[in-house]
Amino acid sequence: MKIAIVTQSYYPIKGGVAEHVHALSGELEKLGHKVVIITANFTGLDDNYGRCVYRIGRDLTIPINGAFNNMTVGFSLKKQLEEIESKEKFDLIHIHQPIDPILPLMALKYLKAPKVGTFHTYSEGSYILETLKNQAKPFFDRLSGLIAVSSSAREYITRYLPGDYRIIPNGVDTTRFSPEVEPLEGYKNSRDFKILFVGRMDPRKGFKYLLRAFPLIYQKITNVRLIVVGNGFLRTFYHLSLPSVLRPRVDYRGFVSRADLPRYYASCDVYCSPATMGESFGIVLLEAMASGKPVIASDIRGYNSILEDGRQGYLVPKENPLALAEKIIDLACDQKKREMMGAAGRQKALTFDWGRVAKEIEGLYREVLGKKGKS
């Protein structure tokens, strides 16, 4: 098959959808398919990381649902999409977040090949979707296959656009993220107890609650160190909120390379994700679990469908620094428990290996094309 993957989020942007698209395209190529990614032109170096990528329009980042979201804009999107399809002659189009403006809707309307859509989002509700669901329905009806990455993502979109959604989860590369990965040199022989946070510093990622927990942890674990992978304009504000005596114990690494990211997981003792909302799945949790690390995460939809409290780590009430501190201290004081939880996490992550997930998606592609062939 020749497959187009349409996404408004791809490298150099970091995030779950970008990681999903990059990994899926690679696995589909291993299965013998030709994959083309259609996305935006982003500010900065547009490294395609070995993929065939068409970049059209330009990226506009806007705040929605406590996060900064990508929107592709441009006056010639229609023409460029039609030219790409005319050249490549796709068998199937796979659109991520298919009813988001503007590029996904344009792809739904103007591309002619059969279309599959993956829905990644979860929220308590959407005023925009509630208001515009009737206008979105004609676009939605152009989809021949529907995927939701989790039950919470399916529940969310079904409120506004009911359909026959197949739950196919995000995946994780269990070779790339593995207990066998070598820790970074700067942390390998350190006696510090190392907590890792990975993510953009969007408000909904809850990083400020981890910083509020940090002084409480330090009262019990004086050799604690917080490693922060990710960035955002709130970083300086968050950092200044920490007592000055503790600031040297926080290592801000910014956005790290794909090659180095697994080594950060390998370097930590525990992974923490204190997100407050809007998580339909939690790829970072899977990456930590695949790396054999115990996880402490907020007890929110999307996370509690992956992490079993007390087995691969702990789920704690959201926006609760005291609960975060208590569970981190608990694991800091119990190496055997950390090892048991890390091993359980690794076993669960293996069930989400990208090789398995890509074959499920490929199976849906074949179903869609089979139905189209009969019609």
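The values are calculated or read from the model by the stated rules, or taken from the named source; none is laboratory data. Since the model is a prediction, treat every value here as computed from it, not as a measurement. For neighbour counting, all protein chains shown are included, and Cβ atoms are generated from backbone atoms with ideal geometry for every residue, glycine included.
Brief remarks on what is shown
- The set of residues in region 179-225 being over 26 Å from the mean Cα position of the chain (by Cα), among the charged types (D, E, K, R) and in a helix (DSSP H, G or I) consists of Glu185, Lys188, Lys220.
Residues are listed down the side, and each one gets a yes or a no for (1) in the same structural domain as Glu362 (by TED's automatic domain parsing); (2) buried (at least 18 other Cβ atoms within 10 Å of the Cβ); (3) at pLDDT 95 or above:
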{"position": "Lys79", "(1), (2), (3)": "yes, no, yes"}
{"position": "Glu88", "(1), (2), (3)": "yes, no, yes"}
{"position": "Ile95", "(1), (2), (3)": "yes, yes, yes"}
{"position": "Ser123", "(1), (2), (3)": "yes, yes, no"}
{"position": "Ile128", "(1), (2), (3)": "yes, no, no"}
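- Qualifying residue in region 253-263 (condition: without any contact (Cβ under 8 Å) to a residue 60 or more places away in the chain, over 27 Å from Gln347 (Cβ atoms) and crowded, with 16+ Cβ neighbours inside 10 Å): yes
- Selection within region 242-268: residues that are among the aromatic types (Phe, Trp, Tyr) and out of contact with any Asp or Glu (no Cβ under 8 Å at 6 or more places or on another chain). The member of this set that is modelled with the highest pLDDT is Tyr264.
- Qualifying residues in region 48-64 (those that are of a type in the set (A, V, I, L, M, F, W, C) and modelled with pLDDT of 85 or more) - the one farthest from Pro101 (Cα to Cα): Cys52
Residue by residue, here is whether (1) under 25 Å from Met106 (Cα atoms); (2) in contact with a Lys or Arg (Cβ under 7 Å, 6 or more places away or on another chain); (3) in the same structural domain as Gly125 (by TED's automatic domain parsing); (4) among the hydrophobic types (A, V, I, L, M, F, W, C) holds:
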residue: Asp141; (1), (2), (3), (4): yes, no, yes, no
residue: Ser151; (1), (2), (3), (4): no, no, yes, no
residue: Asp164; (1), (2), (3), (4): yes, no, yes, no
residue: Leu196; (1), (2), (3), (4): no, no, no, yes
residue: Met201; (1), (2), (3), (4): no, yes, no, yes
residue: Leu216; (1), (2), (3), (4): no, no, no, yes
residue: Lys220; (1), (2), (3), (4): no, no, no, no
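- Taken over region 293-336, the criterion of being in a helix (DSSP H, G or I), loosely packed, with under 15 Cβ neighbours inside 10 Å and basic (Lys, Arg) is satisfied by Lys336 alone.
- Just one of the listed residues (Val316, Val357) is in contact with a strand residue (DSSP E or B) (Cβ under 8 Å, 6 or more places away or on another chain) and modelled with pLDDT of 95 or more, namely Val316.
- Test: residue in region 167-186 that is surrounded by fewer than 22 Cβ atoms within 10 Å (Cβ to Cβ), over 30 Å from Phe237 (Cβ atoms), free of Cβ contacts under 8 Å to residues at least 24 places away in the same chain and in contact with a strand residue (DSSP E or B) (Cβ under 7 Å, 6 or more places away or on another chain): yes
- Count of region 13-60 residues which are more than 20 Å from the chain's Cα centre (by Cα), hydroxyl-bearing (Ser, Thr, Tyr) and either not assigned by TED's automatic domain parsing to the domain that holds Glu360 or not in a loop (DSSP other than H, G, I, E, B) (or both): 1
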